[in-house]
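Single-structure report; data block below.
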Amino acid sequence: MKPVIITCAPTGGIHTPTMSPHLPITPNQIAQASIEAAEAGASIIHLHARDPETGKPDPSPELFMEFLPRIKQATGAVMNVSTGGGLGMTMDERLRAATTASPEMASLNMGSMNFGIFPLLEKYDEWQHDWEPEFLGMTRDFIFPNTFATIEYALTELGEKHGTKFEFECYDLGHLYNIKWFIDKGLIKPPFFVQFVLGILGGAGAELENLQFLHKTADRLFGAENYEWSVLGAGRHQMPLATQSALLGGNLRVGLEDSLYIERGELAVSNAQQVEKARRIVEELGRRVATPDEARERLGLKGGDKVAF
Ligand code: KMH
Ligand code: ZN
């Protein structure tokens, strides 16, 4: 089996400051968390930005530009700029940081869907900021829009024009068929990277059977030799699914974007702590962790010297 590509997503746009004192918020904190995660074994860093005062997800390229060069200088890691952004942002807002930074990788969500994070409301009695309960609550009546037109726009504006390659985030079976549609149109070319996202309310549940079926379907649609696959389990499913992926020959993603915990009832004190745990699991299973350059090679990335930061 090939070495495991570990992606770390240090902050995301889903969890809010009340939920953990360890969630990186400021550009400084995001840079520090990313550098530590890379040192612990993550070869790809999946990045969002937040308003440094309120912690609210913020798409401003200026914020990204505060941490991207710092992480690049301190590590060899591949920088992956999210185009998922924060729930409720327009597609233009979601793309702006990536088209400004011209990174080696960007995320791309492969279908429109319900994206319910409102159940988190019940877990907290008090909030640090008013925006937090409003943001979570609005997802009861929210569709995360990723239409064919917007996906095509990202594939051309970012993929074709910047040579950026994607972390194709697939939350359900139909999303694989959407990838296939764009392969047939010539807009997605191998090698490409598929992230199976399991356990989001609105997408497929985090069961092993789902992962196996998605993986089997992807092999059939794309050909196993044409793509790399990875798994992200939301919340308590994070480490169990990461372990399953390592067992099945896949890659994995951890980070506080996806889970705030290191084990049941215990908050992770850092992103690096989750990367270290994932790495221990991988190595116990007889695999090793891929270096950033191995990830670049396998994913066909343009190289860290061809970005705009
Ligand atoms: N937060 C994850 C469930 C993105 O940034 O494009 C999905 C995600 C979206 O990573
Ligand atoms: Zn993300």
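Debye calculation, C-alpha points only, no solvent: report log10 I(q)/I(0) for the stretch 113-166 at q = 0.22, 0.25, 0.28 Å⁻¹, in the same order as the q values. These q points yield log10 I(q)/I(0) values of -0.78, -0.88, -1.01. With no solvent and one equal point scatterer per Cα, compute the Debye intensity ratio I(q)/I(0) for the stretch 1-123 at 0.09, 0.14, 0.20 Å⁻¹ and report its log10, rounded to two decimals. So the normalised log intensities are -0.24, -0.59, -1.16.
A viscosity of 1.306 mPa s and a temperature of 10 °C, combined with the Kirkwood radius over C-alpha pairs in the Stokes-Einstein formula, give the stretch 150-236 a diffusion coefficient of 119 µm²/s. If both residues of a DSSP beta bridge must be in the stretch 6-306, then about 15% of such bridges are antiparallel.
A Stokes-Einstein calculation at 25 °C with viscosity 0.890 mPa s, built on the Kirkwood radius of the stretch 1-56 over Cα pairs, returns a diffusion coefficient of 206 µm²/s. Only Lys, Arg, Asp and Glu carry charge here, each on its Cβ (+1 for the first two, -1 for the last two); on that basis the chain has a dipole of about 940 debye about its Cα centre. Look at the dipole of the chain built from charges on Cβ: of Ser43, Gln128, Met110, the Cα furthest out on the positive end belongs to Ser43. Of the GluC sites (Glu not before Pro) in the stretch 1-97, the ones in a loop by DSSP (not H, G, I, E or B) with at most 13 other beta carbons within 10 Å are Glu53. Radius of gyration over Kirkwood radius for the stretch 104-195, both on Cα atoms: the Rg/Rh ratio is 1.10. Sorted from greatest to least, the principal axis extents spanned by the alpha carbons of the stretch 75-124 come out as 40, 27, 17 Å.
Here, the stretch 152-309 yields an orientationally averaged convex hull projection of 10.1 nm² when only Cα atoms define the hull. Pairs over the 31 Å Cα-Cα cut-off, from the set Lys72/Lys161; Lys2/Lys180; Lys185/Lys302; Lys2/Lys56; Lys165/Lys277: Lys2/Lys56.
Its Cα gyration tensor gives the chain an equivalent ellipsoid, and the semi-axes of that ellipsoid, as √(5λ) in whole Å with the largest first, are 25, 22, 21.
Each value in this text was obtained by applying a stated rule to the coordinates, not by laboratory testing. What you are looking at is a predicted structure, and each value in this text was computed from that prediction instead of being measured. For neighbour counting, all protein chains shown are included, and Cβ atoms are generated from backbone atoms with ideal geometry for every residue, glycine included.
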